[in-house]
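Here the structure comes first, spelled out in structure tokens, and everything after it is commentary.
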4 protein chains.
Amino acid sequence: MSKLKTAIIGPTGYTGLELIRILSRHPGAEVSVLLSRRPGRPVISDIFPSLVGVCELKCELIDDEKCLEGVDVAFVALPHTVAMAYVPRLLERGLRVVDMSADYRLPDPAVYEKWYGMEHADKARLDEAVYGLPEFMRERIREAKLVANPGCYPTAALLALAPLAEADMLDPGMPVIVDAKSGATGAGRTPTLVNYFPERNENVEPYGVGDHRHMPEMEQVLTDVTGKETTVLFQPHLVPMDRGMLCTIYAAPTGGVTREQLTDVLEKAYADAPFVRVRTDVLPATKYVSGTNFCDLAAHVAKGKVILFSALDNMIKGASGQAIQNMNIMFGFDETAGLY
Amino acid sequence: MSKLKTAIIGPTGYTGLELIRILSRHPGAEVSVLLSRRPGRPVISDIFPSLVGVCELKCELIDDEKCLEGVDVAFVALPHTVAMAYVPRLLERGLRVVDMSADYRLPDPAVYEKWYGMEHADKARLDEAVYGLPEFMRERIREAKLVANPGCYPTAALLALAPLAEADMLDPGMPVIVDAKSGATGAGRTPTLVNYFPERNENVEPYGVGDHRHMPEMEQVLTDVTGKETTVLFQPHLVPMDRGMLCTIYAAPTGGVTREQLTDVLEKAYADAPFVRVRTDVLPATKYVSGTNFCDLAAHVAKGKVILFSALDNMIKGASGQAIQNMNIMFGFDETAGLY
Amino acid sequence: MSKLKTAIIGPTGYTGLELIRILSRHPGAEVSVLLSRRPGRPVISDIFPSLVGVCELKCELIDDEKCLEGVDVAFVALPHTVAMAYVPRLLERGLRVVDMSADYRLPDPAVYEKWYGMEHADKARLDEAVYGLPEFMRERIREAKLVANPGCYPTAALLALAPLAEADMLDPGMPVIVDAKSGATGAGRTPTLVNYFPERNENVEPYGVGDHRHMPEMEQVLTDVTGKETTVLFQPHLVPMDRGMLCTIYAAPTGGVTREQLTDVLEKAYADAPFVRVRTDVLPATKYVSGTNFCDLAAHVAKGKVILFSALDNMIKGASGQAIQNMNIMFGFDETAGLY
Amino acid sequence: MSKLKTAIIGPTGYTGLELIRILSRHPGAEVSVLLSRRPGRPVISDIFPSLVGVCELKCELIDDEKCLEGVDVAFVALPHTVAMAYVPRLLERGLRVVDMSADYRLPDPAVYEKWYGMEHADKARLDEAVYGLPEFMRERIREAKLVANPGCYPTAALLALAPLAEADMLDPGMPVIVDAKSGATGAGRTPTLVNYFPERNENVEPYGVGDHRHMPEMEQVLTDVTGKETTVLFQPHLVPMDRGMLCTIYAAPTGGVTREQLTDVLEKAYADAPFVRVRTDVLPATKYVSGTNFCDLAAHVAKGKVILFSALDNMIKGASGQAIQNMNIMFGFDETAGLY
């Protein structure tokens, strides 16, 4: 049987690398086309020397859309604000699209404009785009033409919070605090001083106080999924590791609640979710999920507060693995294909 | 002029190593005696090969108290519950003592018993011991016979919180959340699986949910310093680095408050503190304080919450540097002697 | 079609974990039985929390051999000297065996005794065991009952050296120098001070000067493969990383030789080897092979010496990946099955 | 007594930071002037936030030489080829100079031109410059107007090799192999992909095969010090750590030689050197010298070869610490002042 043909638009970053790695062992799909804004048609394995023998396609110029002939689905790994100019061209050619950027994640264009500093260029499609968190949107993803792949921080936070919010266990009058610790790959592959090895190593550092763009994403999706307004105070930190993300979440319960009750709600919510593990044996840690599409969750109660832990690999469940999970659902593969 | 003679009781852990390193460049004090529970009178530089040429004293047996003849001050780096059996002997010999353990930090013996699992063996001295946080206790430290050197997490948290609590800027009805990220040296030098390199590297991990012993220490000292009951929800995490600690603190303000007002209170509180830097230029990060006795603080406001950041080197301002800062105060040295 | 049934004897170390991970995505084989010396029949995912949802078999007691009913192949991940007492029992039951220990790697029992400090307990089988370096032993592995899976350092060194030695390009009168740098997982999973995070992090350190057991393994196999006596001076170092290994090899050429000639010999030797990449685009680095079964090689000439670089993932091509590559060959799978 | 006034020319890199840190605790010297090519007169603590409270001087423009009024000594931390255009101006103003660049390290201008790709701009001073390796040049440094501070790799290699070469224990007909492993700070502070955290972490990587500029530096100084031609094959590697350097050196002895004989020569050579430690207790490791001006050495014999290990902190004994050691000698301070 011939394999599903996929294209990666913007393959030269870490999410592109990870998409290629995962698709190279997918039983039913393959990377057929790479399109890039880089001139000179570089071979992808010249950019990522690890890919020699795995994928040696050329990165064609992004405007050479004729290369897309016969392609079924495109992963768009372009920067925010660039993606929304390109996605329409793909959809118009009949491809289904998983957009890894933030451009189609926020249903409200005013919120987009406020946080991304420019008017949305494709407002009409905001309604049509499906937020690609399979654990909550599986049915809509199945039919979607355009999936907005969630941010890494929102994936971690929402998987922990949404079932409890839905079950009315969190006091909507109190902001939920999401204290996140992330590896450096989350910042992309352009060298910067902040993630230069001698600056990042042996260094834990907060950033984006009160103004990280994943904060409104968490709030909008929580509201969307649960029908309730939720305020999120999101504080990310960089820690000295390549990959992995841990969110520690502090929330006020609506009433007296036990760890068992919280755990029970999470376990029921994810009974059929192959990639969410509700842990009572150990506390979630990034090592346990590194290199996998799992998100590990745990719920605790202390000093009258709910404490939730959520760990995932920011490059996999937080980006490329989830994108392929979405593709699997869109095209009728087993949800876990290529992901174990 | 002859130098102050110091002894280190329990010098074979990381705090011992750091005490020796700092004292080796102190202009007015020197390490004269090492006493250890290890048999065989090992030379300290056989335990820490970095010390060859710096300090090559033998570790005498801890019961060889005659070695303490002529010693002015002892740093006790023994484990919790062991220290309180030994400290009285030192005091009775006329030495002044800086105890690095938790044994004399909690004024209330019932709290000690609850958190350390045994009755306090030296209750009479709990009142006499001075909590060695120089920024708040400088005058009492000057005269103290026995200084209880604070824990690393409490030092970081209290330096951020105490001035704001004192100024009635924090709502005492709401628990303060202290989310801490610590390097692995904080766990001591006995090899464990949790801090074995292949387990700790590339791994962020929470521990001690609701039951870390530094939580009551923070609460008691906050109450002590400010005269108000404060509840603290403390959640520590291990991150893959040797040393350094960052506390991110979330608190409810009593009323509308601005970043400028918070910063102003902190700056006034630490106007004369040589080791506390209130940062408005950058966010505190462990790299900026690594290898120093500084504690960097910053205050922010987001979503109606106060967010405080506090960074220090857990081995220096969080342990051995602070112990020497206390010694400096006790013996009339410049507070910064040996510490820049 | 039913899958090949595999057993892992001694699954609680890092090689066991890696075998389970790889086999969990193998298209034609599965882990059926775990046997361990640990009492209490622990579930493997209690030992490795990352395995929840991937493999939750119990570790049966190692003497419960009846569990091996129906099993086709066993991977023995027991310590050196323990393995040789157990392997015969497996072979007698009719299983084929891939032994990860050193016990069957050295054909000469006198050499074994000298380096491992005890008489070999199963000398009769030393001849029958096949050294499991597929790139040189593929045909013999196909038929082997017992494969001695190579050490990580020998794999890296031999893949670089053997083709050049065979081609008479290395002066046999001069010792070959192998300077190796290895991640900490190579030392196993028992916590030690030398690999305790605060000791290993920020620390490069040599060990085993002149007495590492992989030195005679390299020499014997080089002699075996090439028919010439070769002396190897092997010097390993620990570097602060989880996994990965780089060997930098210095050798005297027999005569004038160019980089191109060396590269040409390597390329021809590995034309059909799916996991050896001869690099001329970049220098081998551990990052390029991390998480893969690849070994990257490069040859250079400087100051009249041959310099070879060889990089692999010590847990995969250096241990468990190679074991499964051997299994693939033994049972007629595609050599790369489960390994891309 | 007033302190010696020092200037740092080019203070915004890691060597500048380290000079400032060390001088801030020097008993007899202080940083008086910073001159930089950066426009806008930035405060140094805005570039290095760790320096708030330690040094908050402005970086004056490099051409504002009037700032140098009253300055006794300048540390030049400018890039290679830039330094030689500036050093003459300092000398002509009567300052003594420690040049951290390579510009005055190679006595032969033809060698400079070959390796640095341009004609030397200040040939006349090459003879007058003293190579600042105090252990071999102490007397000449005392009187020097211009000290060429050695490279980090040559310092490590020469301290191990020179005494043995002088004692005719190394066969001059065989190249000495120097296999070096270095932390990332050695590459300077400009962000690059090669030292971007996600590329450097978990990655050991060789570079500069046969063409590193420290190779001729080692050869020329060895010849200079010993009066014999020595060939060096130098192969550096990057390892995932901030700082520290280990050289493993392989050499052919002139005849039968024992470890004890080698050690004896080293111990005699460094009997009066406060910063060289000849180790027989442990193998040199970067952790033991991190943050110090020590260089740890050890000599071994295996397979008829001499193996030497040399470890130092590349930012201290390999750069700024050695520069201050040179300053101490030039100005009559105790050689260790500020460096313990």
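The values are calculated or read from the model by the stated rules, or taken from the named source; none is laboratory data. Since the structure is predicted, the reported quantities are computational estimates derived from the model, not experimental observations. Cβ placement follows ideal geometry from the backbone for every residue including glycine, while neighbour counts extend to all protein chains displayed.
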**Request:** Take the residues in the stretch B:291-308 that are within 24 Å of D:Pro42 (Cβ to Cβ) and within 18 Å of the chain's Cα centre (by Cα), then tell me which one is farthest from the other protein chains (Cβ to nearest Cβ).
**Result:** B:Leu297
**Prompt:** Can you tell me which residues in the stretch B:266-288 are surrounded by fewer than 19 Cβ atoms within 10 Å (Cβ to Cβ) and under 19 Å from B:Ala167 (Cβ atoms)?
**Reply:** B:Glu267, B:Lys268, B:Tyr270, B:Ala271, B:Asp272, B:Ala273, B:Thr280
**Request:** Output the number of residues of the stretch B:110-141 satisfying the condition of being of a type outside the set (A, V, I, L, M, F, W, C), surrounded by 19 or more Cβ atoms within 10 Å (Cβ to Cβ) and under 16 Å from the mean Cα position of the chain (by Cα).
**Result:** 4
**Prompt:** Between a first residue in the stretch A:1-17 that is at negative phi and a second residue that is at pLDDT below 95 and among the small types (Gly, Ala, Ser), which pairs have beta carbons less than 6 Å apart while being 6 or more apart in sequence or on different chains?
**Reply:** A:Gly13/A:Gly188
**Prompt:** Within the stretch D:22-62, restricting attention to residues that are out of contact with any Asp or Glu (no Cβ under 7 Å at 6 or more places or on another chain) and in contact (Cβ under 8 Å) with a residue 60 or more places away in the chain, which residue is farthest from B:Ser24 (Cα to Cα)?
**Reply:** D:Ala29
**Prompt:** Pick from the stretch D:142-151 the residues that are in contact with a strand residue (DSSP E or B) (Cβ under 6 Å, 6 or more places away or on another chain) and more than 11 Å from D:Arg105 (Cα to Cα): which of them is surrounded by the most Cβ atoms within 10 Å (Cβ to Cβ)?
**Reply:** D:Ala144
**Fill in**
Of (1) in contact with a helix residue (DSSP H, G or I) (Cβ under 6 Å, 6 or more places away or on another chain); (2) closer than 20 Å to C:Glu229 by Cα; (3) in a helix (DSSP H, G or I), C:Val178 fails just (3)
**Message:** Criterion first (under 20 Å from the mean Cα position of the chain (by Cα) and closer than 24 Å to D:Pro107 by Cα) does D:Gly186 satisfy it?
**Reply:** yes
**Prompt:** Looking at the stretch B:311-320, which of its residues are away from chain A (no Cβ under 11 Å) and in contact with a strand residue (DSSP E or B) (Cβ under 9 Å, 6 or more places away or on another chain)?
**Reply:** B:Leu312, B:Asn314, B:Lys317, B:Gly318, B:Ser320
**Asked** How many of the residues making up the stretch A:113-171 are outside any helix (DSSP H, G or I) and either touching a residue at least 60 places away in the same chain (Cβ under 8 Å) or of a type in the set (Val, Ile, Thr) (or both)?
**Response** 14
**Asked** Within the stretch A:291-303, which residues are over 30 Å from B:Pro198 (Cβ atoms) and part of a loop (DSSP other than H, G, I, E, B)?
**Response** A:Lys303
**Request:** Please tell me if D:Met174 is within 14 Å of chain C (Cβ to nearest Cβ) and more than 22 Å from D:Lys287 (Cα to Cα).
**Result:** yes
**Request:** Using the structure shown, decide if B:Glu119 is over 30 Å from B:Cys295 (Cβ atoms) and touching a His at 6+ places or on another chain (Cβ under 9 Å).
**Result:** no
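For (1) over 20 Å from the mean Cα position of the chain (by Cα); (2) within 12 Å of B:Phe75 (Cβ to Cβ); (3) of a type in the set (Asp, Glu), each residue gets a yes or a no:
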{"position": "B:Ser2", "(1), (2), (3)": "yes, no, no"}
{"position": "B:Ile9", "(1), (2), (3)": "no, yes, no"}
{"position": "B:Leu23", "(1), (2), (3)": "no, yes, no"}
{"position": "B:Pro27", "(1), (2), (3)": "yes, no, no"}
{"position": "B:Arg41", "(1), (2), (3)": "yes, no, no"}
{"position": "B:Ile47", "(1), (2), (3)": "yes, no, no"}
{"position": "B:Leu51", "(1), (2), (3)": "yes, no, no"}
{"position": "B:Leu57", "(1), (2), (3)": "yes, no, no"}
{"position": "B:Asp63", "(1), (2), (3)": "yes, no, yes"}
**Asked** Does C:Leu161 fit the bill of being within 21 Å of the chain's Cα centre (by Cα) and either more than 9 Å from chain D (Cβ to nearest Cβ) or more than 17 Å from C:Leu106 (Cα to Cα) (or both)?
**Response** yes
**Prompt:** Just for the stretch C:191-213: of the residues that are at pLDDT 95 or above and more than 13 Å from chain D (Cβ to nearest Cβ), which one is surrounded by the most Cβ atoms within 10 Å (Cβ to Cβ)?
**Reply:** C:Pro191
**Asked** Is the stretch D:195-212 home to any residue that is touching a helix residue (DSSP H, G or I) at 6+ places or on another chain (Cβ under 7 Å) and farther than 30 Å from A:Gly244 by Cα?
**Response** no
**Message:** Given the condition over 22 Å from B:Met215 (Cα atoms), of a type in the set (Phe, Trp, Tyr) and more than 18 Å from the chain's Cα centre (by Cα), answer yes or no: does some residue in the stretch B:67-84 qualify?
**Reply:** no
**Message:** Every residue in the stretch C:94-109 that is buried (at least 17 other Cβ atoms within 10 Å of the Cβ) and either acidic (Asp, Glu) or assigned to a loop (DSSP other than H, G, I, E, B) (or both), please.
**Reply:** C:Leu95, C:Asp99, C:Met100, C:Ser101, C:Ala102, C:Asp103, C:Tyr104, C:Arg105, C:Leu106
